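Input: a single structure, listed below in structure tokens.
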Amino acid sequence: MSLVPFLSRRLIGLAVMLVALSALVFFFSRSIPGDVAAMYIGGMAKPEQIERARQELGLDQPLTLQYVKYMKKLLSGDLGISLRTHRPVFQDLLEKIPMSMEVVLWAIALAMVLGIGFGGLAALRQGTWIDEGIKWLSSAAVSIPIFFLALLLQLIFFNLLGWFPLQGRIDTFLEFSNPLELVTGFSLIDSLLTGNHAAFFNVAWHMVLPVLSLIAYPLGLITRLTRSSLLEVMSQDYILAARASGIRESVLFFRYGLRNALSPVLTVVGLSVALTLLATFYVEIIFNWPGIGYYALTAILSLDYPVLMGVTLMIGTVYVVANTSMDILRRIVDPRIK
Amino acid sequence: MSDLDFKQLAEKAAADHRRHRRYLLRLVFKKRAALAAAAILSLMVLAAVFAPWIAPYPDQGKGEVNLADRLQPASFNHYLGTDVYGRDMLSRIIYGSRISIFGGLIIVVAAALIGVPLGLLAGYREGIPGAIITRVVELVLSFPAVLLAMGISIVAGAGFATAVIALIIPWWPWYTRLVQGEVISIKHMLYVEAAGMLGYGRVYILFRHLLPNILTPVIVMMLLDFGPAIISIGLLSFLGLGTQPPQADWGLMVWEGAPNILNQWWIAVVPGCAMFILVTAFNLFGDRLKEVLSIDSNQ
Amino acid sequence: MMKSNTSVSQPVLRVRNLKVDFPSSRGRVRILEGVNFSLYPGEILALVGETGCGKSVTAKSILNLLPRSGVHRHGEVFLDGCDLMKLSNAAMRPFRGRRIAMIFQNPQSSINPVFTLGEQIFRLIRMYLSDEIKAVQQRLNISGRAAVGQIAKERFEEVGLTDVERLLKSYAHQISGGMAQRYRIATALLSSPEVLIADEATSALDVTVQSHILKLLRSLCRRKGTSIVFITHDLGIAAQMCDRVAVMYSGRIVETAPTLSIFEAPRHPYTQGLLAAVPRLGSGKRLANIPGMIPDLANPPAGCRFHPRCPQVMACCKEEKPPQQDIDEQHQVACYLYGEHVPCLPTGHSRQPQGAIVE
């Protein structure tokens, strides 16, 4: 089966969605009361200054024309200039995305591995105290609001036990003694590449609590789904037939059952990427982590519409890319999916 | 067979049905966790309804500042301590539960009221109406719900009502999708087709045969959606995009307590725990109901 | 006490007094109530009965494949003198597939959908046939991998599957029901097991495909010396396919006899009823049916479970289960009508059965 028609269909879908989304955000954000030009100048601006800024930004033109111009620029990777910081949005995003993705990818990868493991274990030991315990923990994990969990972790692991730092990405003194060099933007990879071990361990140490906060929800979701999906699979005819042909129980479970149960789990992993990206908004405020969430949130609250557009389009893209890659994985895992 | 016989048969079937429903309910409560969850839920709902009579300081619950008693830990005067403005935490929690429970209820019910009829239509008329509804559903679901809600809240101006509406908008398509799938899977079953051949009208078939069959999964989904709905309201109000101060709202209370988390931890932890307990109770109850219903349909 | 059959050889499989209960919402349900039968080398035994009489449960409990939670099994299942009921699940494993194989009703759903047929049969060949792999390797001077492929090819051709290379790369949803069942037969007979349990093996197939599969099964098993327990609800197939027939009703075997005598001279009223309900071309008679419904297993009738539907019911039938009795050496029936030593008074009087009770 060829992936090309599937991928091109997805790509067209992505383009359509991005156009719809950008239009939605553009007209929405511009319909908010408030003078964009005044905000661009900031503080005490004279009317003629504001008028000049208005012309500079093309705000005196009709809204639809502005939108068309914006989309033209978008195609060349120009997302406009932030009204607040006056820096190109594209550059800001490029700088911030790796910092957030580093945390998000760790959380998703761990949640996936642990979730499938715990879910499998619970199904294998169905009805025992292990199953009950995992069921309770995973229920709790999906019931706790992310912002509360983050604060709770700070309270316990910083205030009470003192094991992990309260916030930030790296200790201040290390920023001077062993500064991070920018290679890929992923601080753990960069510090390893440049042989900066002190920074590596320090960043990893700072990352524990944010990752723990982000893990909870996807971990609970994946665990619950793996358990129920696996139990469903284990009651199928082909498992009974395999058992009747003398195949070892462990092979039945972990090779046959898990492979069959994986497809719905992968869908949820895809959905979790976007949810976790959103959860970084909260985690990054609470842990003062300089990533995309922090950046987006200040933009949301100050109505910095070019940034708002950029972030929305980026999240939309990540959402579609994550779902598409999980769909590709599902097609590899399960040949029945057309 | 005479009319009388049919009537007796129908009555007997109805009685069996009622008995079976009672049996299922007993089965749900056989699990102690589900019983405990139901008890907690009823207590919280009662507290929310009778807040003015139950809260020790109803005025502070509504937002009255009491600077003389700022940041006090738990005591006999204030069972859960006081917040930054000296307000009794217990009263704030009780008043805040109104927002969470009421908001969650509106979101879930409204999402079902919009989503279910559209799903029925999309499933029953698979042609153009079905295609249009499916496209809209796909478009809305292809974007993270909370982000969409954030955008809507900003544009429409922050407040409890906008937050709730902003959450209903990305929420209803889930019900449409569920119902559409169910309808398509049962509408070709013999008894439905037979009703069509007997000359019953579409509307009659829709409400008489299809609706009762999809009601159970919809109710289960509504129960299981309560928790996420409450958390989503919290997510918006934590950012100041929901209920505005001085009204009590759990998400907002956690936000107000966050700067003091290291010293006066209870200001953030108490509303956080309240939210956690309420959501867990809903999830436990919903899970158990789903479990019992799935056992039932397997038998 | 089991009377010896005419056949001089020892049975390969002997099931004695097999009882199974399941938990249910209305208390424990006794699905099997003491099932007895023997299977002789090379023979095909039909196990017939209505849906829900316990045929499949009998098959699954021989291999201990019933769900583990809450199901109780009692009795003895001897394979070659070894009581399988006493074995743990792990100790059962060498028997499954290698010495007792099983094929199921729906061939497509009993093939794992996410692995190719090749991946699945290769695993089984490596599990069962390590000696043969070595032999083929030496004979053809090829690698172990190629030898496994060679064996798979031979076995596929044996069951009439052509275009083997493509099939080995196919998934279950890409092949027809008939092909799937041929594949299942190939895997089940890989290690030339002593016993094959075919649970409604052809019921899901088209009638034309059905007869091909039946012929194939019959000839292959003859060749490999495999005996078959052939479970079916179709009396026609049983007549065409099997040497002996055991009729089951509500958890018990009520009559066992060679195929010919079952069809010519059925003894048990239930068997008689079943046969009368089979449509016959040109007989001109109205089709009879057995009045009443199959019993509720949670609350079964006392005594003979068939008595509420039996046209010749007697008082004693309502009190005590009728023991198995011999009509002749090969024909056993569990009914008071034929007890030489069990005088039974007409309805209205009751009397405890006495005298020699077989089993």
inquiry  = Restricting to the stretch A:101-130, name every residue that is in contact (Cβ under 8 Å) with a residue 24 or more places away in the chain, more than 30 Å from residue A:188 (Cα to Cα) and part of a helix (DSSP H, G or I).
reply    = A:120, A:122, A:123, A:124
message = Just the residues that are among the hydroxyl-bearing types (Ser, Thr, Tyr), touching a Phe, Trp or Tyr at 6+ places or on another chain (Cβ under 8 Å) and touching a residue at least 60 places away in the same chain (Cβ under 8 Å), please, taken from the stretch C:110-149.
response = C:110
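Being under 13 Å from the mean Cα position of the chain (by Cα) and either acidic (Asp, Glu) or within 12 Å of chain A (Cβ to nearest Cβ) (or both) narrows it down to one of C:125, C:62, so name that one.
After ruling out the rest, the residue left standing is C:62.
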message = Take the residues in the stretch B:53-67 that are among the aliphatic types (A, V, I, L, M) and within 14 Å of residue B:83 (Cα to Cα); name whichever of them is surrounded by the most Cβ atoms within 10 Å (Cβ to Cβ).
response = B:65
request  = Just name the residue that is farthest from the other protein chains (Cβ to nearest Cβ) out of those in the stretch A:275-284 that are closer than 12 Å to residue A:100 by Cα and of a type in the set (A, V, I, L, M).
outcome  = A:283
inquiry  = Take the residues in the stretch C:159-188 that are more than 11 Å from every other protein chain (Cβ to nearest Cβ) and in a loop (DSSP other than H, G, I, E, B); name whichever of them is nearest to the chain's Cα centre (by Cα).
reply    = C:159
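So which residues in the stretch B:234-259 are within 10 Å of chain A (Cβ to nearest Cβ) and either among the aromatic types (Phe, Trp, Tyr) or in contact (Cβ under 8 Å) with a residue 40 or more places away in the chain (or both), if there are any at all? Spell out how you get there, then give the answer.
Just the residues of the stretch B:234-259 that are within 10 Å of chain A (Cβ to nearest Cβ), to begin with: B:234-235, B:238-241, B:250-251, B:254-255, B:257-258.
Scanning the stretch B:234-259 gives B:234, B:235, B:238, B:239, B:240, B:241, B:250, B:255, B:257.
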remark   = Within the stretch A:152-166, the residues that are in contact (Cβ under 8 Å) with a residue 24 or more places away in the chain and away from chain B (no Cβ under 11 Å) are A:157, A:164, A:165
ask   = Of all residues in the stretch A:67-89, which are of a type outside the set (D, E, K, R), within 20 Å of residue A:303 (Cβ to Cβ) and either without any contact (Cβ under 8 Å) to a residue 24 or more places away in the chain or part of a loop (DSSP other than H, G, I, E, B) (or both)?
value = A:79, A:80, A:82, A:83, A:85, A:86, A:88
query = Here is a list of conditions, (1) touching a helix residue (DSSP H, G or I) at 6+ places or on another chain (Cβ under 9 Å); (2) within 14 Å of chain B (Cβ to nearest Cβ), and residue A:96 meets all of them except one; can you say which number that is?
reply = (2)
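Do you know which residues across the stretch A:194-247 are away from chain C (no Cβ under 14 Å), over 21 Å from residue A:140 (Cβ atoms) and polar (S, T, N, Q)?
To start, the set of residues in the stretch A:194-247 that are away from chain C (no Cβ under 14 Å) comprises A:194-228.
Next, only the ones that are over 21 Å from residue A:140 (Cβ atoms) stay: A:194-207.
The answer is A:194, A:196, A:202.
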inquiry  = Take the residues in the stretch B:260-277 that are more than 9 Å from chain A (Cβ to nearest Cβ) and not in a loop (DSSP other than H, G, I, E, B); name whichever of them is nearest to residue A:139 (Cα to Cα).
reply    = B:274
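For the stretch A:41-51, indicate whether the set of residues that are within 12 Å of chain B (Cβ to nearest Cβ), surrounded by fewer than 14 Cβ atoms within 10 Å (Cβ to Cβ) and modelled with pLDDT of 75 or more is non-empty.
Checked against the condition, which is being within 12 Å of chain B (Cβ to nearest Cβ), surrounded by fewer than 14 Cβ atoms within 10 Å (Cβ to Cβ) and modelled with pLDDT of 75 or more, the stretch A:41-51 yields no hits at all.
Taking the options B:198, B:224, name whichever one is away from chain A (no Cβ under 12 Å) and within 29 Å of residue B:124 (Cα to Cα).
One residue alone meets the criteria, B:198.
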task = Name the residue, out of B:135, B:177, that is within 14 Å of chain A (Cβ to nearest Cβ), touching a residue at least 40 places away in the same chain (Cβ under 8 Å) and not in a loop (DSSP other than H, G, I, E, B).
result = B:177
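Which one is modelled with the highest pLDDT among residues in the stretch B:17-52 that are over 27 Å from residue B:81 (Cβ atoms) and among the small types (Gly, Ala, Ser)? Even if it seems obvious, please write down each step before you answer.
Looking only at the stretch B:17-52, we keep the residues that are over 27 Å from residue B:81 (Cβ atoms), and these are B:17-35, B:38.
Subsequent filtering for residues that are among the small types (Gly, Ala, Ser) retains B:33-34, B:38.
Values: B:33: 82, B:34: 85, B:38: 90.
In this case the residue turns out to be B:38.
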remark   = Being surrounded by fewer than 20 Cβ atoms within 10 Å (Cβ to Cβ), closer than 24 Å to residue A:117 by Cα and within 14 Å of chain C (Cβ to nearest Cβ) narrows A:262, A:329, A:271 down to just A:329
ask   = Within the stretch A:237-251, can one find any residue that is in contact with a Lys or Arg (Cβ under 8 Å, 6 or more places away or on another chain), without any contact (Cβ under 8 Å) to a residue 60 or more places away in the chain and surrounded by fewer than 19 Cβ atoms within 10 Å (Cβ to Cβ)?
value = yes
request  = Note down all Cβ pairs under 9 Å where the first residue falls in the stretch B:59-70 and is in contact (Cβ under 8 Å) with a residue 24 or more places away in the chain, the second is among the charged types (D, E, K, R) and part of a helix (DSSP H, G or I), and they're at least six residues apart or on different chains.
outcome  = B:60/B:92; B:61/B:92; B:63/B:92
remark   = When (1) of a type outside the set (Lys, Arg); (2) more than 10 Å from every other protein chain (Cβ to nearest Cβ); (3) assigned to a helix (DSSP H, G or I) are applied to residue A:290, the one that fails is (3)
Pairs with Cβ under 8 Å, 6+ apart, first in the stretch B:277-297 and within 27 Å of residue B:100 (Cα to Cα), second hydroxyl-bearing (Ser, Thr, Tyr) and surrounded by 21 or more Cβ atoms within 10 Å (Cβ to Cβ) = B:278/B:97; B:278/B:100; B:279/A:143; B:280/A:143; B:283/A:143
request  = Name, by its number, the condition in (1) at pLDDT below 85; (2) in contact with a helix residue (DSSP H, G or I) (Cβ under 9 Å, 6 or more places away or on another chain); (3) not in a strand (DSSP E or B) that does not hold for residue C:282.
outcome  = (2)
query = Is it the case that residue C:134 is within 12 Å of another protein chain (Cβ to nearest Cβ), not in a loop (DSSP other than H, G, I, E, B) and not acidic (Asp, Glu)?
reply = no
query = Looking at (1) surrounded by 14 or more Cβ atoms within 10 Å (Cβ to Cβ); (2) out of contact with any Pro (no Cβ under 9 Å at 6 or more places or on another chain), which is the only condition residue A:80 fails?
reply = (2)
message = Can you confirm whether residue B:128 is among the hydrophobic types (A, V, I, L, M, F, W, C) and closer than 30 Å to residue B:60 by Cα?
response = no
The stretch B:155-167 - residue that is surrounded by fewer than 21 Cβ atoms within 10 Å (Cβ to Cβ) and in contact with a helix residue (DSSP H, G or I) (Cβ under 6 Å, 6 or more places away or on another chain) and, of those, nearest to the other protein chains (Cβ to nearest Cβ) = B:155
request  = Among the residues of the stretch B:200-239, write down those that are aromatic (Phe, Trp, Tyr), surrounded by fewer than 19 Cβ atoms within 10 Å (Cβ to Cβ) and in a helix (DSSP H, G or I).
outcome  = B:204, B:207
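The values are calculated or read from the model by the stated rules, or taken from the named source; none is laboratory data. Quick caveat, the model's predicted, so the values are computed rather than measured. Please note: Cβ atoms are built from the backbone with ideal geometry, for glycine as well, and neighbour counts cover all protein chains shown.
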